[in-house]
Structures are given as C-alpha cells and as structure tokens.
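To start, the structure under review is shown below, and the notes come after it.
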Amino acid sequence: MADVTITIDGNKVTAPAGTLLIEVCKSIGTEVPAFCYYPGLSLQAACRMCLVEIEKMPKMQTACTVPISEGMVVHTTTDKVRQARKSTLEFLLGNHPLDCPVCDAGGECELQDMTFSYGAAESKFMEAKLHRDEQQWSPVVFFDRPRCILCYRCVRVCGEAMDVWALGVQNRGSASIIAPNEGDHLECEECGMCIDICPVGALTSGAYRYKTRPWEMKHVGTTCMHCGDGCKTTLGVRRHETGMQIVRGDNRDKSGINGDFLCIKGRYAFDVTHSDERLTQPLVRHEGRLTPATWEAALELVASTFKRIRDEHGGSAIGVIGSNRTTNEENYLLQKFARVVLGSNNIDHHRTADFPALAAALKNTQVRTAGMRDVFNAKTILLIGNNPTDQHPLLAWQIRNNVRLHKARLFVVNAQDIKLHRQATAFAQVPSGSEAFAAAFLAGNDSVGESVGGDARNALLAMRQALKGAEEAVVIFGSEIRGAQVKAAVNLASALNAKIACLGDYANSRGAADMGLYPDLLPGYAQTSSEIFTGHWGALPEQPGWNIEQMVNAARDGQLRALLCVGSNPVVRYNVDPFVLQKTFLVVNEMFMTETASLATVVLPAACAYEKSGTFTNTMGDLQVVKKAGDLAGTKPDFEIVIEIADRMGFDVRKLVSLGGGTRADMGQSRGAQTGEADRHAVWLEAQNLEPRMTPFDPAAVLDEIQRLVPGYGEASRLNVAAGNDEHTTALEAGQGSATSDPDLVVPSEDTLFTSGTLGRYSNTLHSVIESRRKVPADKKTPV
Amino acid sequence: MIPVSEQLDHFFTEKMKEYPTQRSFLVPMLLYAQDELGCLSNQAVEYIAGKAGLSQLEVRNVISYYSMLTTKPRGRFHVQVCTNICCQLRGAEDLFEHCKQRLGIGHKGVTSDEQFSLEEVECIGACSWAPAAQVNYDFHENLTPEKMDQVLDEYRSR
Amino acid sequence: MADLVSHPDEVKVVSQRFGKGAAAMDRYLELDGYKAVQKALASGPEWIINEMKASNLRGRGGAGFPTGMKWSFVPKESAKPKYVLCNGDESEPGTCKDRLILEHDPHAVIEGVMIAALAVGAKTGFIYIRGEYRYLVDIMRKAIAEAYARGFLGKNIFGSGVDLDVRWHTGAGAYEVGEESALMESLEGKRGIPRIRPPFPAVVGLWGGPTVINNVETLASVPHVILGGGEWYAKLGTPKNGGTRLFCLSGHVQKPGVYELPLGYNLRKMIDDVGGGIWKGHKLKAVVPGGSSVPILKADEIDLAMDFDTLMKAGTFLGSGGVIVLDDHTCIVKFCLRTTKFYQHESCGWCIPCREGTDWMKKTLVRFHAGGGIKRDIDNLNYLAENMLGRTFCPLGDAAAMPVIGMIKKFREEFEAHLEGRPCPFEEHGAAVEQLPVLA
C-alpha cells in the first residue's frame, strides 16, 4: 500500500498505509506495551495496555488494532495514556498472585516488567483474591490459573499457528478460564508453544518448572539435535556437579529460521543429555564383559588394533559407519580419516533420504534447492509424500503459517490423508509407492496416469491445471521417491520453475550426505576419484567401498575385521544379526548402551551435539552453527576421539586437520567454552603478545577445509553462521552430482512427534508423553 | 444412538439449512437439547459437537458462556427469581429468601426429589411487573411470597 | 402475558395493535398489516431510506443512532450476502418493551425487517430473541410460518420478483449479546464476545457480509413510518428526536407499566401523572431514566424532556427507555451494589478493565454495604469506575462504570453513612455479608 506519514509524539514517521500503529511505534523505538498483541496471531484488543491518544478521536484507541492513515497524530506518553496503563496493571494485579519469588516467570515476566515500567506502587486491593490450585494438563504442561491474565496468546498459538486447537476459553467475566480440550487434561502435540508464549507464569513447563531462576542460567543459541529441520534453539544452562546441565530449551528471541517455533523435541528432549543412562567412561571388553577403562587405554587399544589390521590386511578390512547427528566437521573428518588414515572406502551411514540421487538429477538443470525460509515465503508449495506434521514439525509450521499469513497455495500428494490436508488448496491421495508417478503426471507425462489409479488421476489432473502458471513455487518430496525416480520430481520442479527439497530425517542427515559418508561418494557427491580431493589429500582408494549391508556381510565372512561405528545403531536400523559382528573388532562411539554398543569390543563415551561445536546442515541445505551448551564429565566429542585415534596410529594429524591452510577460521573452541578456559587462554595469549593458534581439536579448521573443497559450501558466510544465522548451501546442485549405487539402503526413521530414533528412547519427557497417552483408555477421554 | 429425540434431531437438521455455516445454529441447538434432556450431558455435547462440526472443547466453551445452559441436572421445575434492580425495589430479595425457605435449597440448588431447582437470575424483562420469576419458561409477575406459594404448589401438583 | 396499561397522554403508534390479537395473521392484515412492505416494494430503496431519514427515527436499543443514516452506510454492491438482524436480546435492567411488541405485534417486527432488507438490498433477515423469551420465540416462529404460507416471505414475495427470507433465532442467557457485534457472534454459534471495530457491521457483519442491526422497537416502528410518512412521524416527537417511544416505568411508582409517549415528554410528569406518583405515599429520591447503565438523576433534577439530546445535556442518557424510579426508603449503596453485581455477572471477561473492574467494584460494594467499608473505598470505587470508562473493549464497561460514578457523585453522603461498621441506615438489622463468588 502507498506510504503515509503520521506523527507519533511529535516525530514524523512514514510507513505503508494500513500498517498497525503498534508496529509503526515499535519501528521508531516507541514502546507501546501490550499483552494480547502478538505479531502473526489474530488481533484481540483485549488487554487494553496499548491504548494511545489519537487526535480527533474521542476515546483512546488500541494501537494494536488501528491501521495508520495519512495525517494521524498520535500521543503515547500523555498523562491520560500513562494513567490508562497504570490502572490496567492495577486491575490485573487485583487478582494476580504476588508469588513472584517462586514463580517460574519471575525475572522474565512481562507483567513484572510492565509493572516496573508503568505500574503503581500503591496497592488498593483489599478483597480476597480468586484462587484455584495448580493443574497438570500433560506431562509437560502445568496451569496455574490465578496467574493467568487472559491474553489468549496460548489459545491462538495453539489454534491458529499450530492448528491443534487444544485450548479454549470457558465461562465468562471474572470466572473466565483457559481450558484444555479434554476437560482436565490436554491431548495435543505437546509442542509447548503455549508455555513459551505465556507472558506470565500461568503456563509452566514440566521440564523446567521450579528448577532454577532465569538469571541463574546462561543461554546458548544452537541448533536442535533431533529432526532434520534444524530449528534454532536457545538452551538455558546452569552449573551442575557433572558439568553444565541444560535445563531449558526455547527460542524466545525468535531468531533463526524457526522464529519462536519449537516442537516437543526441540523444547524438551534435551533431557537425553542428562539421562542416567549416559555413558561417561570408556568400556573395553574383558573376558567377554564390557569393563571400565581409562581413555588412554581404550584409545590405545583402538589405535593399535586399527593400525595392525590396516597394515596386515589393508584398509579394506576396516569399515566406518558415521552418524546423522554428528556435526559436518565430524562427518567430514570421519570419512577423511577412513579414506586417508585407514585407507578404506568402506564408509556409510544410516540413510533416510536419497540425496545423491537428487544431486545427480539436478545435474544440467536450472532447478535450485529451496531453503527452510523459502517454504514460508513461497506462493505455491507442492508436497509429495512424507507427513511433515509428525516428521518435520518446522516444515509443517512454515507451510501452515505461509498458507495462513501469506495465503500461499498448498498442494499435497500423499498415500495417507495427512493433517496438512487441512491447509491444502488441493489434495490427491495416491497409492503408496506411486508418488513418483504422480510427480511425473503432474509434470505433464500422461503415460503414467494408469499407475496412480482413476480417482487419483482425476485429482492430479485438476491439480495439474491449478499448478499452471504457479509462481515462486517449491516442490518438496519425501523418501518415498528415491533412486532414478527422483528425476521425476526434478522434472516437475523444472516444469513449474520451482525450487526443490528432499526430506531426510535427522539433525544432520543432509550433512552426512553432503560430507561424503558414502562408500562410493566423496564430499559434495564427488566420485571417489575426484581430483578436488586427491589433489589435497593425496592418493585415495579408488574402488568404491562396501556399503552398510556389504560391511555386515563381510563381517559375517570374516573379511571385515574392524568396524568403527560413530553415533549410529545399525544393529536396530538394518536389523543386523548380533552374532554376525562377533568376530569383528567393533568400536562404538556412543552416548548410550545401544544394541550396537552392547556388542562392541570398545565403547567410547561420546559427547552429544549440545556438548560440542561445529555446524549442521538441515535437510533443506541450511547451514547453522552448533554451539557447546552442556558439558558432561567423562565424555569427548567424536571429533576429538577420531583425532586421538589417528594420532595414536602415528598419523600426522596436521594432515587431517589442515591447520594454517585456511584464512577464515575463527577462534571458536570445541571445549571449555563454559568453564572459561577458552577465554582465559585468549587473555593469556594476548598478554604474551602471541597470536592465537588453533589446536588440532578445533572443528573450525575443518569447516575451513569444507568451505574450500566442498562445492556449494564456500559461499556460505562464516560470519553469518557464527552469528547464529542460517546460510543456504548448495552441495546438491553445485557439484559434480553423482548418484550412489544403493538407493535401496534408504530407511526412513518413521519417527513421530514423540520419537527421535535411538536417541529419543533416552528422553524421559518423550517417554512420559507416550506413557500418558497409553494410560488413558479411549473411552475415558472425556471428563465425567 | 443420538441422545435427543428424532424429531428434535430432524428439527436441527432442517433449521441448520437456513444458515451459511454449520455451527450457526449452535446456541439454540444447545438450549433445545437441554430442554429435552434436562442438562447438557457428555453425550449431548458429543452429539451437538458432531452436528455442528466442532470439537467438544469448542462446544463446552460456548456452553459455559451462556447462563441458561448447564451441564448439571436441574429440577423438573426450574425456579428463576429475578433480583435485579427493578425487582429488588419491589421486594425480590424477600421473595427469593422465601423460595429458599420454602424449597429448602439455595441458589442453584436442587430439591432431593429433583422436582425443583432454584436460581437467582438477572433481569428477565419483567421490570414493569416486578417482582417476577420464571418457572422453566413461564413468567410469573407482580409476585408476593403468598402468590409464589400458590405458583409453587401449582407446579408441584403437575 | 404481561399486563397492559394505558394513559390518556399516550400516543399509540408502535403499540397501536397491543391487545388486539394482531399476532394472528388475519387480524394483523385487518389492522393495516403488510401494507407498508408493499408500499416499500413499490417505492424502492432510495425512497425508503429518505423516508427513514426524514422520520428522525433514532435507534430504540439505547444508543439512539439515526436509523436512516445507519441503513445508508450499507454499501450498494457487496460480494458477500447482506443481512438484516433484529436485536431482540432485550436484557438491560429496567427494559421490557420489546417483549410486548414481540408478544402483541410480531408481524410488525417481521415487516420492519423486510422493509430494512429492501432498503439495503439484503435477501435474508434474522430475528434474534433472547433465550428467556421462549414463548415469544414460539409466537415469532408461528408468525414467520404464516408469512411464508401467504407468500409474503420466500420466493417472489407479493409477486414482486423479489426473494426475501426472515428467520428466527434465540439466545441462551447473556446480556452482552445485546451488544451488536456480540449478537452477531452469538448468531454465528459462538461465545458472545464483541468484535473489533472498525470494520462496522454495516460493512463487515454477519458471516462477513454487510449487516444492518436494529432493535425490535426500531424495526416495529418502521412500517408506521413508511405508511404515515417520515414527516408525519418526525412531528410526533421533538426536533431530531422523531416519533414516540415505549417507556418502561418501573420501581416505586403506583402504576408501573409500558407506556408509549412522544419523545420529549416531561420526566416528572411521566412519574407523577402517567405512573401515578410514588407508591405508599413515599417521596421520590432518584430516577434512573434509561435503563440500569445510565447515570442516576436526583429528585430535583427531573424536570426534563425525555429525548436523547436533552438527557445527554443533563449528564445522563435516554438509553433503552427503562425509567426506574426510587423512593426515599431506598438505600443507594444497596442499589449500586445490585447494579454492579449485574454487570459483574454479565461481563464477558474479554478485556481486563471490565473483567477485573466489575469484579473489584462488586467485592468492594459487598463488603461496604455489609458495614466493612472504609473511607478510602468510596474514592477507590470512583477511581475504578473512572478507569474503566472509555477504556474497555465494548460499551459494557461504560455501562458498569457510569452508574457507580453517578451514584457516588450524587449520593456521597449516603455512602459515607455506611462507613466504619455502621449498619445500613435503611435496613433493620444491617446487611448480611454475602458469600464471595465460588469459581465455576
């Protein structure tokens, strides 16, 4: 809309006509307080905190509902306005309990802040306050009614933004109350958005309540370690006897690709970090039993055994299985270690999507990959396969809210009637397995129409019509489409002039693929003979190595003599017969005694993603920083473990971590950030008039190499990533783009909102939610 | 099994056609269902939620807003004494007190034989004929305690 | 049901068919029924709106907005269907006039809705009747059915080629639903929470379509304006206050009842003459002249012409036509408490000042009237009310605040007489302490 000029407290401001006055005020730094107003949610005008005077209007107006128009003259600091704010707070504090000293919100409570800024010191209220006991609505949601100021943010975020509609308003007048959908409890997605958005301490989190005071925490902005969407999460950390413990997860500052969104896993499933079952000591099998050992002894055993086997039987007798949850730097390092130190191409990981096939299909096309931000801004979204509500909660949020706020058109093709159908302009239910045919049909290939069946064909035909001329489109497909079929999705994206995305399941599944955890692909989907890497690393094993299945078979045959398994549970994922690995020297880096770890010869207790530094690439290719938040004594990051093994094998680790090779490395430290060690080191260096140098344990040096060698990563701004922002990477379309020969090894995690692979099994919160659902029989779900 | 009579269900279905949205007839539907069932039981809520295309939560949100709607059973004869200002000026408080004594129950109480329930209500639109009361939907106006006794006796004998 | 009264000063326009059995179609037709709508059909929307403007008919719900002007705000072209909504959610304490109209002359309401629909180009009208008025819902249902049976409603009404539907709807107990935007919410099957305005209903109303909302009495007056002409109607009242209005006399008068008097009728005369003076030989103490929400007038302030403008000048409002008369045996504090208790009960709870303010005032007044008051309470009550006034989401906050401000201003000495444990001077044994509300 055309710009108009208005006057706020004597200052002229120009903004588009129709912009809400409260936003215009905010844009020039004029604070207009509000409880009920929340950007992106429907307007309420209920709290009356934002009343301002507008000339020529007899009554004060709520700045949150007034669209600006030319010549408006606004006053926000008059006595009348000040008195209105003060009295509104007085009204609220009449019934609001003053239990701030024990309230979770104390210290970061909007009511507290506003009372401090605008409130009255004098208390006029003499009557008995309304009281009701606190209620537990779910394992994670508690409700303290007297504290509730009825701003309806929770109701709206649950309904409008989450499309769950589990909260309502009941009764009226002073008896009004926020009510959960099942009478005395909630049945919902347990995202915790209601708690997060609550301006006071009315909704509190089962995971955090009464644990700490806000000012006793340090806050670390990092990337969530669960699904492949890569939400930015701010972890609240406080000192604990075993190191630094994470006590809260949220993203209240709305930074990052997810704004303030987090799902249950991002918000609560950090609790795996302080699970009682965490491994904190290396274990070595001794007379058939895993027995505690020192790090030195365990690492020495691993290094010497790897060295012996390599020297006696060649590198091909050793295999490496990498992780979907370790950082890019660790993944890169791990495959480099396998290829350069062990001399083996036997490297693989649990694949949840066929990224190499997409890289190959994108070769020689104009199609580009979409980032997570594109999904929120695209005008048309075509979703083929997957169920983002369960498997990609942020993606679902982006889609839902793009449709709601920007009126984007969503087209869904799925074998199931998924929840996003509700937002869809059109939905086509196709037989399972025919998703690629549907994509081809939508791209104009009539010959595959038979493969999807009559009804679906008609629905797809209508969809094809509706998609014609679509602008700013994004095509997103799940792991249903893989191998050569991916070409159909790319052709469709090409026909629609759309960007494309492929959905993998874990926090760094995409990073694992981009970093070359494949027996036949180097980083950036380069072939094993790629000169980019041989030029820097020297000669590499040329023949593709064994994939996971082949490694298992080789172990059975006695050909695979050693296997290093990092943060992965192939025994469960690929249903491996435990006896097959009996003869193999199995080293497992793990947080927990998983099915795979329990078969190991050596178990090395690993730090998790919240306990180390590096980067993750989400499934859409967005590169984000991983920062150390928690700290658990006894564990080491996989990065350090691999370096130590290489070192003990007699390898010059400077060839592994190319110190000095880069010019862009920052001074991020992998360890000690919490304890102040890094800071003290920096201060000492400066005092000695020395330049800081990186240690071989610094992942930033590897990121340097990644940016130099892996196509599509070089353009990412390090500064931006380090600052906690996302940078879209393009390894899929920028490089040589080769397919792997084994698309059948793609095994989707089939995670729900309340599971997170092997890791999720160690989350008490996820467990308690699953258990609480189990306990309530279906016929008892309504209140009596 | 629907909890209300087939006639009522049919009436709802027909009446709903007069509105552009499925939920529009919700408030009357709740009131008429309550008239037939005595109160809005869980089954009634479930039935009406289905009828109106809403979640049960949303139906409960609406029920709890309207003071005539209730999820708790009332007596066969629901005695509603207005004590708002115009009635108050002409003796409604004494009248309400009298009803309490007479029925042996208080505000929102139900007699043990479930014949009567009592409620002190806000203005029922009988200000010029005060004090007034409603028994179910019947108006009784210009009341005195004596006249109220007659009214109650009359219902009791029904 | 309710007793009818009469007085020689009455000018019976909207009440002319009361007591004449006009709820029955044939009788209504004998009494000039459905003539106005046919005249309106023949004359066209522009003519109707001009007549309405000329009539100076102002909304009888309480706000007194000129009806013709309201109708003219509805856009001619609209992508969404337009509606007419008749507000029969009469619930302002002191007001019981719409009840009589709906009982004695339901077809006039239907006809008024039809004319409004013709004027603004709506195809559907709704008549919303409060839940407590079930017998009136039944009367209205029958009247509408008869109108359909005669071809007055439905397709091609009166052979004019125009299609027009009028539907009935009922509430379930909520004063707030009388507020026009809350009424629309309720009709759409929701909690009666008012809407943010602008947009106003004339532009975005029911289901997003332009909507005219008028009170029952307003719409029932419309056929008379159409038949008698706007000019004729205007002359019945005072300048800018056209016509007559139903005044509901209640409280301590000898002859309470609903009387139709010309606008501008003297209030003192209304009480002394029409109402037969104060009952039991008592003296007049005060009058609430326009339903419970308007500021109170003292006995010596009532030499006033009862029209919208005069009362506003006198610091109060004509409101809904409920004239509540208090004799000198009445305790103002108790009256204030009961008024406040009502608004506390009816606050929808949406906005903070109304939800908390009504509750706080009520709690204070309960304690105060029971003898537990302190001097600061009086100022605090006034402070609370002043801070609700003009700041709430909808007019209910003002409605709750104005009576309190008015009563403290005019009867402060009576509040002071309750102070420091002194029993209420009007009660024999002092007031009983009421139980605090138990949360639902």
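For region C:130-161, the set of residues classified as of a type in the set (A, V, I, L, M, F, W, C) and more than 18 Å from B:PHE11 (Cα to Cα) consists of C:LEU136, C:ALA147, C:ALA149, C:PHE152, C:LEU153, C:ILE157, C:PHE158, listed by residue number. Every condition in (1) facing another protein chain (nearest Cβ under 10 Å); (2) out of contact with any Pro (no Cβ under 9 Å at 6 or more places or on another chain); (3) over 21 Å from C:PRO353 (Cα atoms) is met by A:ARG132 except one, and the failing one is (2).
Restrict the check to region A:240-260 and report whether at least one residue is farther than 30 Å from A:GLY192 by Cα and at pLDDT 95 or above. Even if it seems obvious, please write down each step before you answer.
In the first step, residues of region A:240-260 are kept if they are farther than 30 Å from A:GLY192 by Cα; the result is none.
Looking for residues that are farther than 30 Å from A:GLY192 by Cα and at pLDDT 95 or above, one finds none in region A:240-260, hence no.
Tell me, yes or no, whether region C:375-387 has at least one residue that is at the interface with chain A (Cβ under 9 Å from one of its Cβ atoms), modelled with pLDDT under 95 and farther than 30 Å from A:MET60 by Cα. No; the residues of region C:375-387 include none that is at the interface with chain A (Cβ under 9 Å from one of its Cβ atoms), modelled with pLDDT under 95 and farther than 30 Å from A:MET60 by Cα.
Only one of B:PHE25, B:PHE12 is of a type in the set (Phe, Trp, Tyr) and either more than 24 Å from C:TYR133 (Cα to Cα) or within 11 Å of another protein chain (Cβ to nearest Cβ) (or both). Can you tell me which? First the steps, then the outcome.
Values: B:PHE12 fails: either more than 24 Å from C:TYR133 (Cα to Cα) or within 11 Å of another protein chain (Cβ to nearest Cβ) (or both).
Answer to the selection: B:PHE25.
The requirement of being assigned to a loop (DSSP other than H, G, I, E, B), within 11 Å of chain A (Cβ to nearest Cβ) and in contact with a helix residue (DSSP H, G or I) (Cβ under 9 Å, 6 or more places away or on another chain) is satisfied by C:THR392. The single condition among (1) touching a strand residue (DSSP E or B) at 6+ places or on another chain (Cβ under 9 Å); (2) under 17 Å from A:HIS226 (Cα atoms); (3) not in a loop (DSSP other than H, G, I, E, B) that A:VAL272 does not meet is (1).
State which residue is nearest to the other protein chains (Cβ to nearest Cβ) when the search covers only region A:93-127 and only residues that are assigned to a loop (DSSP other than H, G, I, E, B), among the acidic types (Asp, Glu) and free of Cβ contacts under 8 Å to residues at least 60 places away in the same chain. Explain how you work it out, then say what you get.
Of the residues in region A:93-127, the ones assigned to a loop (DSSP other than H, G, I, E, B) are A:96-99, A:103-109, A:119-127.
Right, trim to among the acidic types (Asp, Glu) and you get A:99, A:104, A:108, A:122, A:127.
Within this subset, residues satisfying the condition of being free of Cβ contacts under 8 Å to residues at least 60 places away in the same chain are A:99, A:122, A:127.
Working: A:ASP99: 18, A:GLU122: 11, A:GLU127: 4 Å.
Only one residue tops the list, namely A:GLU127.
A:PRO180 falls short on exactly one of the conditions (1) at the interface with another protein chain (Cβ under 9 Å from one of its Cβ atoms); (2) modelled with pLDDT under 95, and that condition is (2). Cβ-Cβ distances below 7 Å connect the following pairs, each with a first residue in region C:183-197 that is under 11 Å from C:TRP350 (Cβ atoms) and at the interface with chain B (Cβ under 7 Å from one of its Cβ atoms), a second residue that is of a type in the set (Phe, Trp, Tyr) and surrounded by 23 or more Cβ atoms within 10 Å (Cβ to Cβ), and a separation of six or more residues or different chains: C:ARG191/B:TYR65; C:GLY192/B:TYR65. Pairs meeting the criteria (first residue in region C:87-98 and at the interface with chain B (Cβ under 9 Å from one of its Cβ atoms), second residue β-branched (Val, Ile, Thr) and assigned to a loop (DSSP other than H, G, I, E, B), beta carbons under 9 Å, at least 6 apart or on different chains) are C:SER91/B:ILE124; C:CYS96/B:ILE124; C:LYS97/C:VAL14.
Tell me the strands (runs of 3 or more DSSP E) entirely within region A:589-637 that contain at least 2 residues that are among the polar types (S, T, N, Q) and in contact (Cβ under 8 Å) with a residue 60 or more places away in the chain.
A:614-617
Just to be sure, is C:GLY373 surrounded by fewer than 24 Cβ atoms within 10 Å (Cβ to Cβ), of a type outside the set (A, V, I, L, M, F, W, C), out of contact with any Pro (no Cβ under 6 Å at 6 or more places or on another chain) and not assigned by TED's automatic domain parsing to the domain that holds C:ASN215? Yes.
Could you tell me which of the residues C:THR339, C:THR364 is at the interface with another protein chain (Cβ under 10 Å from one of its Cβ atoms), polar (S, T, N, Q) and more than 22 Å from C:PHE393 (Cα to Cα)? So that I can check it myself, show each step before the final result.
On the way: C:THR339 fails: more than 22 Å from C:PHE393 (Cα to Cα).
When all the criteria are applied, what remains is C:THR364.
What do you reckon, is C:ILE129 in contact (Cβ under 8 Å) with a residue 12 or more places away in the chain, among the β-branched types (Val, Ile, Thr) and closer than 23 Å to C:TRP232 by Cα?
Numbers: in contact (Cβ under 8 Å) with a residue 12 or more places away in the chain: yes; among the β-branched types (Val, Ile, Thr): yes; closer than 23 Å to C:TRP232 by Cα: no.
So C:ILE129 fails the test.
For region C:287-325, what are the residues that are under 15 Å from C:CYS248 (Cβ atoms) and either in a helix (DSSP H, G or I) or at the interface with chain B (Cβ under 10 Å from one of its Cβ atoms) (or both)? Of everything in region C:287-325, those that are under 15 Å from C:CYS248 (Cβ atoms) and either in a helix (DSSP H, G or I) or at the interface with chain B (Cβ under 10 Å from one of its Cβ atoms) (or both) turn out to be C:VAL288, C:GLY291, C:SER292, C:GLY322, C:VAL323, C:ILE324, C:VAL325. Out of the residues in region A:128-145 that are out of contact with any Ser or Thr (no Cβ under 9 Å at 6 or more places or on another chain) and assigned to a strand (DSSP E or B), which is surrounded by the most Cβ atoms within 10 Å (Cβ to Cβ)? Only one residue tops the list, namely A:GLN136.
Looking only at region C:37-49, decide whether some residue is within 24 Å of C:LYS142 (Cβ to Cβ) and within 26 Å of the chain's Cα centre (by Cα). Yes, the conditions are met somewhere in region C:37-49. Using the structure shown, decide if C:LEU297 is in contact with an Asp or Glu (Cβ under 8 Å, 6 or more places away or on another chain), buried (at least 20 other Cβ atoms within 10 Å of the Cβ) and aliphatic (A, V, I, L, M). No, not satisfied. In the set B:GLN80, B:GLN88, only one residue is at pLDDT 95 or above, of a type in the set (S, T, N, Q) and more than 12 Å from the chain's Cα centre (by Cα); that residue is B:GLN88. When you scan region A:209-221, do you find a residue that is within 27 Å of A:ARG761 (Cβ to Cβ), surrounded by 24 or more Cβ atoms within 10 Å (Cβ to Cβ) and within 25 Å of the chain's Cα centre (by Cα), even just one? Checking region A:209-221: not a single residue is within 27 Å of A:ARG761 (Cβ to Cβ), surrounded by 24 or more Cβ atoms within 10 Å (Cβ to Cβ) and within 25 Å of the chain's Cα centre (by Cα). Screening region A:345-414 for strands (runs of 3 or more DSSP E) wholly inside it with 3 or more residues that are surrounded by fewer than 24 Cβ atoms within 10 Å (Cβ to Cβ) and either among the hydroxyl-bearing types (Ser, Thr, Tyr) or at pLDDT 95 or above (or both) returns the ranges A:409-414. Considering only residues that are touching an Asp or Glu at 6+ places or on another chain (Cβ under 8 Å) and part of a loop (DSSP other than H, G, I, E, B), look in region A:521-573 and name the one that is surrounded by the fewest Cβ atoms within 10 Å (Cβ to Cβ). Selected residue: A:SER529. The residues in region C:335-367 that are modelled with pLDDT under 95 and buried (at least 24 other Cβ atoms within 10 Å of the Cβ) can be counted, and the count is 0.
Return the residues of region A:203-238 that are without any contact (Cβ under 8 Å) to a residue 60 or more places away in the chain and part of a loop (DSSP other than H, G, I, E, B); say none if nothing qualifies.
Of the residues in region A:203-238, the ones without any contact (Cβ under 8 Å) to a residue 60 or more places away in the chain are A:211-212, A:216-217, A:219, A:233-234, A:236, A:238.
Of everything in region A:203-238, those that are without any contact (Cβ under 8 Å) to a residue 60 or more places away in the chain and part of a loop (DSSP other than H, G, I, E, B) turn out to be A:LYS211, A:THR212, A:MET217.
Every residue, every condition in (1) of a type outside the set (A, V, I, L, M); (2) closer than 14 Å to A:ASN171 by Cβ, yes or no:
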residue	(1), (2)
B:SER41	yes, no
B:GLU46	yes, no
B:ALA49	no, no
B:GLN56	yes, no
B:VAL62	no, yes
B:TYR66	yes, yes
B:THR70	yes, yes
B:GLN80	yes, no
B:ASN84	yes, no
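For region C:87-125, the set of residues classified as among the acidic types (Asp, Glu), buried (at least 24 other Cβ atoms within 10 Å of the Cβ) and not in a loop (DSSP other than H, G, I, E, B) consists of C:ASP98, C:GLU111, listed by residue number.
The values are calculated or read from the model by the stated rules, or taken from the named source; none is laboratory data. Since we're looking at a predicted model, the values are computed, not measured. Reconstructed Cβ throughout: ideal geometry from the backbone, glycine too, with neighbour counts over all protein chains shown.
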